[in-house]
Amino acid sequence: MNLYEYQGKEIFARYGIPVPRGEVASSPEEARRIAEKLGTSVVLKAQVLAGGRGKAGGVKFASSPGEAESVAKELLSMKLKGFKVEKVLVEQKLSIRREIYAGITVDRAEGKPIFMVSGEGGVDIEEVAERSPEKIFTRYIDPFVGFYPYMARELASGLGLDSESFKKVSDVLLKLYRVFSEKDAQLAEINPLVIADEGVFAADAKIVIDEDALFRQDFEVKTRGLPYVELDGSIGCIVNGAGLAMSTMDTLKHLGGEPANFLDIGGGAGSDVMREALLKVAAHPKVRVIFINILGGITRCDEIARGILAARQGISPPLVVRFRGTNEEEGIALLRDAGIEVERDMIAAAKLAIEKSKEAAR
Ligand code: GDP
Ligand code: MN
């Protein structure tokens, strides 16, 4: 599961990794208020789960709150790498002197975490690896031994930093490993880690959590009071209304499927509720498919469809959706356009979900 940059930075901050001052905005007005509060020039960054936003026009600057508002408006109407921009991170603009790369991932061949740093940050590390591999310094980490300050200093020593930045960067590397290890990450990356006039900061954050470990990483998957009961099956269920949620589980059972949970998202669930529901359900280690069963009344299927499209980034189990009721045509069209399987009939949808849960289990 990929985390958004702003979520990654929240985690960094909790671990003492310095991040630029800033907040996330969902509307141009909100961006304006954040820029006012910051009282500096700002950088506005589209929150999508794709790298290379800078090059694609997803990172922009503004020197006044008014400009921040108009830039945010532009970003919020953009599609980046196929994803609609729903949120924009508004941060103090730093005066950057140098950009460094720091990342930890799992080397599958070695079966160990590998720490990589480079003085050539800000660009794709793959690019550096191809062009000038000698500029990347690496170190394998034995997770049973851990990662110690002297190891961090050794890694940082190739970067050609002055002594003050060297200390700060080494400290960030140490804390980045703690994030990687304690959050069960497959990737924890800061690109760029910047040396700025204002200090050393993680200017970007990329964290990928191992989905098999999500069950013990509940920091991400709290539902806000939505009634949720965990079960033992492989079909995650997201349903509006408690009665329909019960009969969805019964139907799955009756047709030979095993529900993984009970979850009632209630009426009028927007993209935020849908995101939390998807994260919560996908976090169950046994879930192989997510069955979203919506009976439109006050709840409009097209609105739910938009919520699903906005919320499904980074969720890996396939989705099967059943829409019946208010605005079902619009809802179905929206999802089919995006390649998501959707049915009107509950039995047909349930059968499809069961089929998919079995396919994935093989
Ligand atoms: P990515 O392209 O998706 O990886 O987005 P990043 O967050 O890494 O930003 C891309 C680039 O924008 C960085 O490499 C920096 O060069 C630039 N950038 C980001 N934040 C700032 C800032 O506060 N000040 C300045 N001057 N440049 C920034
Ligand atoms: Mn980056």
Original post:
Can you name every residue in region 70-98 that is at pLDDT 95 or above, open to solvent by 70 Å² or more (accessible area, probe 1.4 Å) and not in a loop (DSSP other than H, G, I, E, B)?
Top reply: Lys73, Glu74, Ile96, Arg97, Arg98
Subject >> Count - residues of region 178-199 that are open to solvent by less than 20 Å² (accessible area, probe 1.4 Å), within 13 Å of ligand 1 (Cβ to nearest atom) and under 21 Å from Phe147 (Cα atoms) >> reply: 2
Original post:
Of Lys206, Lys167, which residue is surrounded by fewer than 21 Cβ atoms within 10 Å (Cβ to Cβ), within 16 Å of ligand 2 (Cβ to nearest atom) and not hydrophobic (A, V, I, L, M, F, W, C)?
Top reply: Lys206
**OP:** Considering only region 252-287, state which residues are among the hydrophobic types (A, V, I, L, M, F, W, C) and open to solvent by 50 Å² or more (accessible area, probe 1.4 Å).
**Re:** Leu255
Original post:
Within region 313-338, restricting attention to residues that are open to solvent by 50 Å² or more (accessible area, probe 1.4 Å) and more than 23 Å from Ile298 (Cβ to Cβ), which residue is nearest to the chain's Cα centre (by Cα)?
Top reply: Ser316
Original post:
Out of (1) under 21 Å from Phe12 (Cα atoms); (2) of a type outside the set (Asp, Glu); (3) touching a helix residue (DSSP H, G or I) at 6+ places or on another chain (Cβ under 8 Å), what's the single condition that is false for Arg178?
Top reply: (3)
Original post:
Does Gly121 count as more than 18 Å from Val208 (Cβ to Cβ) and open to solvent by less than 70 Å² (accessible area, probe 1.4 Å)?
Top reply: yes
Subject >> Condition check for Glu130: away from ligand 2 (no atom under 16 Å from the Cβ) and at pLDDT below 95 >> reply: yes
Subject >> Val229 at pLDDT below 95, open to solvent by 10 Å² or more (accessible area, probe 1.4 Å) and within 16 Å of ligand 1 (Cβ to nearest atom) >> reply: no
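The values are calculated or read from the model by the stated rules, or taken from the named source; none is laboratory data. Given the structure is predicted, the values throughout are model-derived calculations rather than measurements. Quick reminder, even Gly has a Cβ in these numbers, built from the backbone with ideal geometry, and neighbours come from all protein chains shown. Side chains included, ligands, DNA and RNA excluded: accessible areas come from the protein's heavy atoms. Shrake-Rupley method; radii C 1.70, N 1.55, O 1.52, S 1.80 Å.
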